[in-house]
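Values quoted throughout were computed directly from the atomic coordinates according to the rules given, and no laboratory measurement underlies them. Keep in mind that what you see is a predicted model, and the values were worked out from it rather than measured. Cβ placement follows ideal geometry from the backbone for every residue including glycine, while neighbour counts extend to all protein chains displayed.
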Amino acid sequence: MVISLKELTTKELLAPGHRLCAGCGPSIATRMALKAARGPLVVTNATGCVEVSTTIFPYTAWRIPWIHSLFENAAATAAGIEAGFKALGKRKNTKNHIDIIALGGDGGTFDIGIQALSGALERGHDFVYICYDNEAYMNTGIQRSGATPRGASTTTSPAGEIIPGKRGLKKDFIGICVAHQIEYAATASIGFPNDYITKVRKALEVNGPAVIHVLAPCPLGWRADPINTVKLAKLAVQTTVFPIYEVEDGKYKLNIRIKKPIEVEEYLKLQGRFRHIFNPKFRDVLEAIKQDITTNWERILRLCNVNP
Amino acid sequence: MTLHIVKKEYIRSETPSLSHVKDSSTRVQNGSVTMKNQEVVGFNGDEAVAYAVKQSDVNVIAAYPITPQTIIVERLSEYVADGDIDSEFVCVESEHSALSACIGASLTGARVFTATASQGLALMHEVLYATSGLRCPIVMAVVNRALSAPINIHNDRSDMMGSRDCGWVQIYAENSQEVYDWIIQAFRISEHQNIQLPIAVNLDGFVISHSMENVYVLPNKDVKKFLPPRKTRYKIDPTHPISFGGLFLQDYYYELKRQQEEALRQTSKILDQVGKEYYKISGREYGSLEVCGMEDADVAILCMGSTAGTVRSVLRKLRADGKKVGLIKLWLYRPFPIDELFSVIENLKALVVMDMALSFGAPFGALCSDVASILQIKKKDLKIFNVIYGLGGRDITPSEIEDIFNDALEIAKTGIVKDYVKFVGVRE
């Protein structure tokens with residue numbers, strides 16, 4: 001299934017004029033996700049950039065019902081919304097289905113919201129969880145999260161004289177979701193809109209929980225030129241830093257095959273958060289990053305049953 | 001403005017004992033109201049909660065089990081599993097998610113219930129504020145239990161007292177009957193168009209939650225009539241999209257909170273209105289507070305929850321000895337019934353305020369701090385002292401209550417307060 005441009009809703013459910021930055025990846029991720037709407041829709045938002053910048057009272061950019069209450073509870077709130085619809089639907093005997101999307105950043109998802117998400121996935125609520133991943137807590141000023149990749153300099157994993165940015169790997173978030181044996185989970189990148197929007201629609205059509213993990217670069221936090229947001233989102237895929245795949249009923253499928261990966265330096269050098277690893281004294285970090293990427297890519301290829 | 005004060009006689013009246021009630025057709029006279037068709041059922045406090053929720057036609061229940069609240073969620077699960085109620089039961093993975101799910105459900109326009117205790121309430125702490133800030137009418141039973149560390153599963157009120165500023169209406173029940181009656185009334189108050197705030201109905205852990213008592217229950221049809229399905233203009237509606245919970249900065253946050261406070265303060269009035277209606281169908285009278293012997297009392301104990309039962313029993317004994325003692329039992333803790341309290345303490349010489357929770361480092365326990373602060377405005381001459389008791393489930397005995405009354409009588413005589421805070425029942 002691929003959604004063509006003609007099928008996309010021409011409605012802008014996220015109105016322009018919100019206060020997200022120029023070149024903001026998450027704003028693109030949000031707008032595109034809403035393009036996949038197949039009917040009435042409600043969004044529940046975890047605390048984060050998208051939440052604060054779209055709803056500064058008395059304004060709101062949301063042309064659909066939208067709820068924010070706290071940071072770590074988007075999935076639990078979605079579960080409650082679903083239960084409410086179900087219970088009231090029983091009484092009224094109506095079939096007016098309203099889709100539910102829970103939207104959270106990587107901090108609200110990988111870290112503080114993972115428990116609520118795990119619970120909601122296990123219970124099988126009919127909703128779509130979209131994690132827009134900009135690889136750190138950008139709203140509070142670029143602090144590392146469980147989604148920050150090795151070597152990235154953030155304000156809480158700064159590149160110092162001794163410690164070269166974040167130590168350790170980014171979590172395998174989709175792997176965690178897949179372990180709940182849900183029907184649908186996928187990665188996506190705002191650099192590949194057709195793939196992303198199609199996946200959101202697919203996720204909406206699942207009768208149960210579904211998860212989309214979309215890479216959405218943050219120029220401010222990545223210390224990159226805002227003009228390069230989409231370029232970076234593409235390069236992350238083309239360098240195999242961020243593999244694009246989906247998992248249907250436990251079966252992995254590679255969606256974007258990269259035969260000849262672009263050199264990872266092409267991706268890293270556009271970002272100030274990796275500037276320090278080009279210092280010869282941190283050469284081993286660059287090597288470790290490259291090794292991480294290769295290992296992960298090979299792992300995904302194996303899971304997708306694709307020969308390198 | 002006429003204040004509504006519920007009075008209980010300390011001289012035992014000729015009310016029929018419950019054992020006379022054999023079946024639902026038996027008519028029991030209570031004052032002028034006929035408690036017709038009310039069945040008497042053996043319920044512990046938790047079961048009374050669950051039964052009231054069952055009759056209240058709740059759409060969504062989201063809860064997480066914790067001692068001593070567990071029986072509530074177990075009974076409700078059974079009702080759902082047996083098809084006795086068509087509620088959606090979301091058995092979540094934490095109390096944080098329980099109340100978060102309640103917020104989501106409440107914003108769909110559903111009638112929502114949850115229950116917790118102790119650490120569960122503490123884990124909900126930030127969600128408590130979100131619930132009242134989003135003006136979600138949710139009813140929650142809080143089965144009061146001590147907080148860790150050290151861990152203790154028994155009754156005190158450090159859980160709710162620790163969250164008392166969360167913007168919820170807070171009610172304390174004395175026994176299973178009151179628990180049942182308050183849960184049903186709480187939905188009406190909470191969902192009232194002018195209120196739209198969550199309500200916590202507190203019951204003492206084990207003392208009420210696990211003690212079997214006779215409870216008069218209303219016929220289903222009466223509850224249904226008293227409590228029609230929830231109606232609200234503010235809900236998730238794709239044809240009229242609303243953004244709930246946006247960012248309110250320096251220019252609007254304060255106004256929103258001021259409105260929230262105003263709504264909370266309106267609750268006393270609505271609670272009285274609802275109480276009057278409830279009296280008509282139940283024969284049981286409720287309000288912000290209940291008094292006993294306050295017409296001519298020289299001294300009084302002010303307390304909440306199950307303690308009131310012990311105090312009343314001691315009061316009857318002391319009254320028989322001719323001692324002018326009184327009892328003020330607060331049902332409503334937030335909003336604090338200031339005017340009602342003033343109206344009953346006018347001729348009092350000494351007042352004891354009993355706190356079943358410590359407010360570490362504060363001048364008094366939280367309840368006493370509230371009382372002391374308002375006395376400062378209107379009745380400076382009233383002698384007051386604070387009793388801290390019952391922490392971690394330590395029993396408070398009738399003889400201890402008697403001592404407290406006698407201390408108060410001594411103070412009324414001499415005008416001298418030696419200890420402003422007394423730790424009763426502790427070994428030290």
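Counting other Cβ atoms within 10 Å as a rough exposure proxy, the listed residues A:THR198, B:THR239 run B:THR239, A:THR198 from fewest neighbours to most. Normalise the Debye intensity by I(0) for chain B, one equal point scatterer per Cα, no solvent, then take log10 at q = 0.06, 0.09, 0.10 Å⁻¹ and round to two decimals. Each listed q corresponds, in turn, to -0.24, -0.55, -0.68.
How do B:THR116, A:THR155, B:THR232 line up, fewest other C-beta atoms within 10 Å first? Provide the component values of the computation, followed by the final result.
Working: B:THR116 27, A:THR155 13, B:THR232 16.
By the 10 Å Cβ count, ascending, the order reads A:THR155, B:THR232, B:THR116.
By how many degrees, between 0 and 90 and to the nearest 10, does the Cα long axis of helix B:70-81 differ from the longest principal axis of chain B? Its long axis makes an angle of about 30 degrees. Counting only aspartates and glutamates at least 8 places from A:LYS35 when in the same chain, those with an alpha carbon closer than 17 Å to its own are A:GLU7, A:GLU12, A:ASP99, A:ASP195, A:GLU205. Legend: distances between Cα atoms for B:LYS276/B:LYS422; A:LYS6/A:LYS234; B:LYS329/B:LYS422; A:LYS90/A:LYS170; B:LYS8/B:LYS349; A:LYS86/B:LYS225; pairs beyond 31 Å are B:LYS276/B:LYS422; A:LYS90/A:LYS170. Per-residue 3J(HN,Hα) values for the stretch A:20-27, derived from phi via the Karplus relation 6.51 cos²θ - 1.76 cosθ + 1.60 with θ = phi - 60°, read 5, 5, 4, x, 6, x, x, 5 Hz in sequence order (x marks Gly and Pro).
Which is the longest part of chain A that has none of the GluC sites (Glu not before Pro) sitting in a DSSP loop with at most 12 other Cβ atoms within 10 Å?
With GluC sites (Glu not before Pro) excluded where exposed in loops, chain A gives A:13-160 as its longest stretch.
Nearest-5 percent of antiparallel DSSP beta bridges in the stretch A:163-256? Walk me through the numbers on the way to the answer.
Working: 7 of 13 bridges.
For the stretch A:163-256, the DSSP antiparallel bridge percentage is about 55.
May I ask for the distance between the Cα centers of the stretch A:285-308 and the stretch B:363-428, given as a whole number of Å? Taking the Cα centre of the stretch B:363-428 as reference, the centre of the stretch A:285-308 is 70 Å away.
Relative contact order of the stretch B:289-423: what whole-number percent is it, with Cα pairs under 8 angstrom and at least 6 residues apart? Display every interim value, and only then the final one.
Values: 218 pairs, mean separation 38.7, N = 135.
Once divided by the residue count of the stretch B:289-423, the mean separation gives 29 percent.
Report the normalised scattering of the protein assembly as shown as log10 I(q)/I(0) at q = 0.05, 0.10 Å⁻¹, calculated by the Debye formula with identical scatterers on the alpha carbons. Calculated log10 I(q)/I(0) at the listed q: -0.31, -0.97. Straight-line reach from B:LYS413: taking Cα to Cα under 14 Å and skipping same-chain neighbours fewer than 8 places apart, the aspartates and glutamates in range are B:ASP298, B:ASP381. Translational diffusion coefficient of the stretch B:33-282 at 25 °C, 0.890 mPa s, Stokes-Einstein with Kirkwood Rh over Cα pairs, in µm²/s as a whole number. Rounded, D is 135 µm²/s. Over the residues of chain B, the helix contribution to mean residue ellipticity at 222 nm works out to -11500 deg cm²/dmol, using -39500 (n - 2.57) for each DSSP H run of at least 4. Taking all Cα pairs closer than 8 Å and separated by 6 or more residues, the relative contact order of the stretch B:72-225 comes to 22 percent. Counting only aspartates and glutamates at least 8 places from B:LYS378 when in the same chain, those with an alpha carbon closer than 14 Å to its own are B:ASP339, B:GLU340, B:GLU346, B:ASP370. Shown here for the stretch B:340-407: trypsin sites (Lys or Arg not before Pro) in loop regions (DSSP other than H, G, I, E, B) with at most 14 other Cβ atoms within 10 Å, namely B:LYS380.
Just need the relative contact order of chain A here, percent rounded to a whole number, with Cα pairs under 8 Å and 6+ apart.
Numbers: 614 pairs, mean separation 51.2, N = 308.
Worked out over chain A, it gives 17 percent.
Of the chymotrypsin sites (Phe, Trp or Tyr not before Pro) found in the stretch B:331-373, those in coil by DSSP whose Cβ has at most 14 other Cβ atoms within 10 Å are B:PHE360. When the pairs B:LYS324/B:LYS379; B:LYS269/B:LYS380; A:LYS202/A:LYS231; A:LYS11/A:LYS269 are compared against a 31 Å limit on Cα-Cα distance, A:LYS11/A:LYS269 fall above it.
By other beta-carbon atoms within 10 Å, ranking B:MET354, B:MET161, B:MET212 with the fewest at the front produces B:MET212, B:MET161, B:MET354.
Dividing the summed -39500 (n - 2.57) terms of all DSSP H runs of n ≥ 4 by the residue count of chain A sets its mean residue ellipticity at 222 nm at -10000 deg cm²/dmol.
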